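Below is one structure, written out as C-alpha cells, with a few remarks after it.
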C-alpha cells in the first residue's frame, strides 16, 4: 500500500479503527511477527504474482521505523533482509492454509501446489505515513485558502499540498526570505497544524515533525511550466 486510495490501505485502516479483524488464517502469523521482531503488525495479505510465479506476503506494519527493522541498511531503498523474509516465509508455511501456486502436473495438466520458501516474497509497508498523507488531503481547500487570506499579505500567492507536505508560495523569489522570517509565517504554520489535528484520527501528526516549505510562483512558472504535475513529479 502506498496511497490512501489503495484497497489495502482502506482495509488496514478498518482494522486500526477496530471495525474489522485481520483474516483468521493470519492471526497467529501476525502475532508471531509482532512478538519476534517487536513490531506492530496491523494486517497481512497474500497475493499470487503472475510475473514471477511467487506468492507475495504483504506485512502491513504501523510505522516506517518498523519497516526499517526488516531492511539490510538504514536507507529506505535498502533491500529487505533475506534472513527475516525466509523466517516469515517458513512460519507462513508452518501455519498452513497456503495460497497455492500453479504447476504442471501429469500430461501437462495444470495443477496447484503449496509454495516453497524460495517461492514466497515477503514485503513490508507502513500505515502511519499514508494515514498522515490522508489527513493532509482531508482538509478542505476553503479552510486552507482562508488561513492565508485572512492575514491579507500581498506577497502570498497560494498554499499547495501534496501527500504529507504543504508549500507556501510567494510571487517572487526575493520575497521568500522576508515571509519565512515573519511572525505571520509562524502563525500560518501553527494554524495549518491545527487544521491537521482536526482530521488526525490516530494522532500521528506531531508539531515537532511539521513545517511548511516556501517557494515562489516565479520558480513554479519559470522551471515547471506552471504545471503542478511537473512540480510534484
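The values are calculated or read from the model by the stated rules, or taken from the named source; none is laboratory data. Computed from a predicted structure; not experimentally measured. Cβ: placed from backbone, ideal geometry, glycine included. Neighbour counts: every protein chain shown.
Taking the conditions exactly as written (at pLDDT 95 or above, in contact with a helix residue (DSSP H, G or I) (Cβ under 9 Å, 6 or more places away or on another chain) and surrounded by 18 or more Cβ atoms within 10 Å (Cβ to Cβ)), does residue 88 satisfy them or not?
Against the criterion (at pLDDT 95 or above, in contact with a helix residue (DSSP H, G or I) (Cβ under 9 Å, 6 or more places away or on another chain) and surrounded by 18 or more Cβ atoms within 10 Å (Cβ to Cβ)), residue 88 qualifies.
Quick test of your reading of the structure: residue 167 fulfils all but one of (1) over 22 Å from residue 59 (Cα atoms); (2) assigned to a helix (DSSP H, G or I). Name the failing condition by number.
(2)
Provide a single number: the residues in region 159-190 that are touching a strand residue (DSSP E or B) at 6+ places or on another chain (Cβ under 9 Å) and at positive phi.
Looking only at that region, the number is 0.
Scan region 204-229 residue by residue and report those that are exposed (fewer than 15 other Cβ atoms within 10 Å of the Cβ) and either within 18 Å of residue 160 (Cα to Cα) or in contact with a helix residue (DSSP H, G or I) (Cβ under 8 Å, 6 or more places away or on another chain) (or both).
Result: 207, 211, 213, 221, 222, 223, 225, 226, 227, 228, 229.
Here are some conditions: (1) within 16 Å of residue 129 (Cα to Cα); (2) touching a strand residue (DSSP E or B) at 6+ places or on another chain (Cβ under 7 Å); (3) touching a residue at least 60 places away in the same chain (Cβ under 8 Å); (4) not in a loop (DSSP other than H, G, I, E, B). Residue 43 meets all but one. Which one does it not meet?
Of (1) within 16 Å of residue 129 (Cα to Cα); (2) touching a strand residue (DSSP E or B) at 6+ places or on another chain (Cβ under 7 Å); (3) touching a residue at least 60 places away in the same chain (Cβ under 8 Å); (4) not in a loop (DSSP other than H, G, I, E, B), only one is false for residue 43: (3).
Can you find a residue that is under 30 Å from residue 194 (Cβ atoms) and either in the same structural domain as residue 182 (by TED's automatic domain parsing) or surrounded by 12 or more Cβ atoms within 10 Å (Cβ to Cβ) (or both) anywhere in region 113-126?
yes
Just one of the numbered conditions (1) touching a helix residue (DSSP H, G or I) at 6+ places or on another chain (Cβ under 6 Å); (2) free of Cβ contacts under 8 Å to residues at least 40 places away in the same chain; (3) surrounded by fewer than 17 Cβ atoms within 10 Å (Cβ to Cβ) is not true of residue 75; which one?
The number of the failed condition is (1).
Mind checking which strands (runs of 3 or more DSSP E) fall wholly inside region 92-162 and carry at least 3 residues that are under 30 Å from residue 220 (Cα atoms)?
Those strands (runs of 3 or more DSSP E) span 156-162.
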